[in-house]
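The structure under discussion appears below in the form of structure tokens.
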Amino acid sequence: MSDAKSSAATKDFDAIVVGAGFSGMYMLHKLRELGLSARVFEAADGVGGTWYWNRYPGARCDSESYYYAYSFSKEIQQEWNWSCRYPEQPEILRYLNFCADKLDLRRDIQFNTRITGARYNDTTHRWDIETEDGKRVSARYFITAVGCLSAAQIPNIKGLESFRGKWYHTGKWPHEGVDFTGKRVGIIGTGSSGIQAIPVIAAQAKHLTVFQRTPNYTVPARDAPMPADFQKTVKATYDEITRKTRASVFGMPFDFPEQSALEATPEQRKAIYDSWWDKGGFGFLLSSYNDLIINKEANETAAEYVRAKIRDIVKDPVTAEKLTPRTYPIGTKRPPIDTDYYETFNRENVTLVDIRSLPIEEITPKGIRTSEAEYELDAIVFATGFDAMTGALFKLGIHGKGGIALEQQWAHGPQTYLGIATTGFPNLFIITGPGSPSVLSNMPVSIEQHVEWIAGCIQYMRAHNLDSIEPSEDAQRTWVAHVNELANETLFPQADSWYMGANIPGKPRVFLPYTGGVGPYRDRCAEIAEKGYEGFVMT
Ligand code: FAD
């Protein structure tokens, strides 16, 4: 039975969810199935999350469309048609709106509402939640679906407020779009968003200056329209595709390669890398060899292949050298895929500035001044990413038992059990939290797994008349050690990446997601649930 009621001061729900992207939308659907009173709060004025906010030129997914989607609804799978291999942002946003309509979600989503406080009440054992405009609600279960990549990061550069042109962050792009025709544009950042935006902005702007701190390895996406017969095959084999994604390492329906890059001859390796380069997409890294991310020498074969491609594609050798990554293994920063990225630097209207050796000193009224020169600009684009995985969580102002702030509890890095829950914060569930595969996977697969696990847990609690759940300190300590141990067996910690918190000054250097793979992680979560939520304390 639902314990929802209303009073003049506070509205009470069984469950409150923050965020209406892939995660929050499905969570709402599952909570309703359980018969719970639930409300989703969303800062935006529509659903879509990432695909609502990231409207920059060139924004698209780089998981392939047929598996970058919900798998829980056969109806949605059969009714929706993807136009191409890597749809652009408007199409993905349309898809999520289609899902919201289909599941009739909007009546329980309160849009234009930002959550700024969430306190566990030690007396009522409920969560007291506050919105930006000072309204209060309460709930037994507090579920965050705030996204791993939703807290936009704008670097603290002196003088930004003095800039006379316009500036934008890729993750908060104006809905009406931006026309760069005839404009001198500067873009800071060459991560996944920058790599998508740079070719498109270069094609429109009068001049584009790319301010690069770290060169990136990127592989062609090779987007193409979705062939009708492929669409048909996909629709006929969704069950098998879903089974594969769920059992896989990265949440994609591909077999993990069996061969080491070091067992192949240089000629064999070249043939394999050529074939994946030509096919495009993540296959180059994920399907060629099994040891690229764990063995430096194996990794170097793929890194060197991409470096040679850069030398081939980019005509000016000085620019090619600046674009060549040498300081970290390939794949240890979020791997981008691109459409004509390296080719763009052959354009007359594109300049590359290496801000590692010639740092930005300030933003002036006229543009950007590095230690070497002032670049006059009409617009600046920050493709500087996000305070990943913890940024949006901390902004919720979460306080657990005894009033302890989540930020304080995690001062030296996130402490979670399974990346879903954290000791001292009863009935708080974190969808795709740190310590789960999350951003190392094709995310809808990981999102669905978390949502279903959380719904199963709540159902169990209700069936057993249990009021609260939180991880035991022991289970949490063991999990955190396991997450770190597995990460340290890979090359990931060798890069200054946002996976490591390295893009945020002062953020603890801890590898945030779980590297053990989607399939094994899923099995572990299921086993824990089957054993009556082993490692959790329930009262
Ligand atoms: P989000 O989509 O981030 O939604 C979170 C929502 O929570 C947002 O709408 C936000 O407004 C809301 N919110 C946050 N804080 C508050 C608050 N305090 N109060 C109220 N509302 C709040 N993943 C892949 O697997 N494959 C891809 O190809 C891929 N491409 C990507 C491309 C870009 C440009 C970006 C930024 C991310 C990409 N991702 C990709 C990751 C992507 O974030 C996930 O795939 C997925 O969309 C996450 O869904 P979510 O619902 O968990 O979070």
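The values are calculated or read from the model by the stated rules, or taken from the named source; none is laboratory data. Predicted, not measured: the structure shown is a model, and the values here were computed from it. Please note: Cβ atoms are built from the backbone with ideal geometry, for glycine as well, and neighbour counts cover all protein chains shown. Quick note on the areas: whole protein, heavy atoms, side chains included, nothing else; ligands and nucleic acids left out. Shrake-Rupley method; radii C 1.70, N 1.55, O 1.52, S 1.80 Å.
If you roll a 1.4 Å probe over the heavy atoms of the protein chains, what accessible area per residue do you get for the chain, in Å²? Write down the numbers at each step before the final one.
On the way: 22320 Å² over 539 residues.
That works out to 41 Å² for each residue.
Cα centroids of the range 243-260 and the range 78-107: how far apart, whole angstrom?
Between the Cα centres of the range 243-260 and the range 78-107 lies a distance of 25 Å.
Picking from Ile293, Ala392, Tyr521, whose Cα lies most toward the positive end of the charge dipole for the chain (charges on Cβ: Lys, Arg +1; Asp, Glu -1)?
Sorting the options by dipole projection puts first Ala392.
Name the residue farthest towards the positive end of the dipole of the chain from the options Gln449, His464, Ile16, assuming +1 on Cβ of Lys and Arg, -1 on Cβ of Asp and Glu, about the Cα centre.
Ile16
Report in % the part of the accessible area of the range 89-132 that belongs to carbon and sulfur, leaving out ligands and nucleic acids; probe 1.4 Å. All intermediate terms of the calculation are to be shown ahead of the outcome.
Working: 910 of 2160 Å².
Looking at the range 89-132 in its full context, I get 42 percent from C and S.
Please tell me the relative contact order of the chain in percent, rounded to the nearest whole number, where contacts are Cα pairs under 8 Å and at least six residues apart.
Taking the mean separation of contacting Cα pairs over the length of the chain, I get 19 percent.
Along the positive direction of the dipole of the chain (beta-carbon charges: Lys, Arg +1; Asp, Glu -1; about the Cα centre), which of Thr423, Gln204, Asn81 reaches farthest?
The listed residue farthest towards the positive side: Gln204.
What size of dipole, in debye to the nearest 20, comes out for the range 487-539 about its Cα centre when the only charges are +1 on Lys and Arg C-beta atoms and -1 on Asp and Glu C-beta atoms?
200 debye
What is the magnitude of the charge dipole of the chain about its Cα centre, with +1 placed on the Cβ of each Lys and Arg, -1 on the Cβ of each Asp and Glu, and no other charges, expressed in debye to the nearest 20?
880 debye
Out of residues 5 or more away from Ser260 or on other chains, whose amide H comes under 5 Å of its own, with H placed 1.01 Å from N in the peptide plane?
Asn290
Multiplying the sequence separation of Ala463 and Phe72 by 0.36 nm and subtracting their Cα-Cα distance, what value in nm do you get?
138.4 nm
Can you tell me the relative contact order of the range 398-539? Whole percent, Cα pairs under 8 Å, sequence separation 6 or more.
Once normalised by length, the contact order is 28 percent.
Lysines near Lys322 by alpha-carbon distance under 30 Å, same-chain residues fewer than 8 away left out - which ones?
Lys158, Lys166, Lys172, Lys183, Lys206, Lys270, Lys279, Lys296, Lys309, Lys333, Lys366, Lys507
Give me, ordered by chain and number, the residues 5 or more places off Thr209 or on other chains with an amide H under 5 Å from its own placed amide H.
Val185, Gly186, Ile187, Thr351
Over the Cα atoms of the range 227-353, what is the Rg over Rh ratio if Rh follows Kirkwood?
The Rg/Rh ratio comes out at 1.03.
Can you list residues from other chains, or at least 5 along the same chain, whose modelled amide H is less than 5 Å from the amide H of Ser150?
Met389, Ala392
Write down the Kirkwood hydrodynamic radius of the range 26-153, to one decimal in angstroms, obtained as one divided by the mean of 1/r over all alpha carbon pairs.
Every distinct Cα pair counted, the radius reaches 16.4 Å.
Could you tell me, in Å, what Rg and Dmax come out for the Cα atoms of the range 335-387?
Rg and Dmax of the range 335-387, Cα atoms, are 13.2, 35 Å.
Would you mind checking the range 206-232 for residues with the amide N under 18 Å from a putative spin-label position 7 Å along Cα→C-beta of Glu321?
Counting only backbone N, you get 212-216.
If you take the beta carbon distance between Asn81 and Arg164 as r and set R0 to 41 Å, what does 1/(1 + (r/R0)^6) give as a FRET efficiency, to the nearest 0.05?
With a Förster radius of 41 Å, E is 0.35.
Pulled fully out, how much extra length does the chain show between Arg107 and Lys135, if you take 0.36 nm times their separation in residues and subtract their Cα-Cα distance?
Taking Arg107 through Lys135 to full extension adds about 8.2 nm, to one decimal.
How far is the Cα center of the range 441-503 from the Cα center of the range 301-361, in Å?
Centre-to-centre (Cα) distance: 34 Å.
Using helices alone, I'd like the mean residue ellipticity at 222 nm for the chain: each DSSP H run of four-plus residues gives -39500 (n - 2.57), total over residue count, nearest 500.
Mean residue ellipticity, 222 nm, calculated: -9500 deg cm²/dmol.
Applying 1/(1 + (r/R0)^6) with R0 = 56 Å to the Cβ-Cβ distance of Glu361 and His175, what FRET efficiency is obtained, to the nearest 0.05?
The computed FRET efficiency comes out at 0.95.
According to the Kirkwood expression over distinct Cα-Cα pairs, how big is the hydrodynamic radius of the chain, in Å? Kindly include the intermediate steps, with their values, before the conclusion.
Values: mean 1/r = 0.0412 Å⁻¹.
Evaluated on the chain, it is 24.3 Å.
Let's see if you can work this out: charge +1 on each Lys and Arg Cβ, -1 on each Asp and Glu Cβ, no other charges. What is the dipole magnitude of the range 148-304 about its Cα centre, in debye to the nearest 20?
Numbers: 18 positive and 17 negative charges, 197 e Å.
Magnitude of the dipole: close to 940 debye.
So for the pair Lys270, Leu486, with labels modelled 7 Å out along Cα→Cβ, what separation do we get in nm?
3.8 nm
What are the ³J(HN,Hα) couplings of the range 379-394, residue after residue, when phi is run through the Karplus curve with 6.51, -1.76, 1.60 and θ = phi - 60°? Round to Hz, x for glycine and proline.
With coefficients 6.51, -1.76 and 1.60, one gets 8, 10, 10, 8, 9, 9, x, 9, 7, 6, 6, 10, x, 5, 5, 5 Hz.
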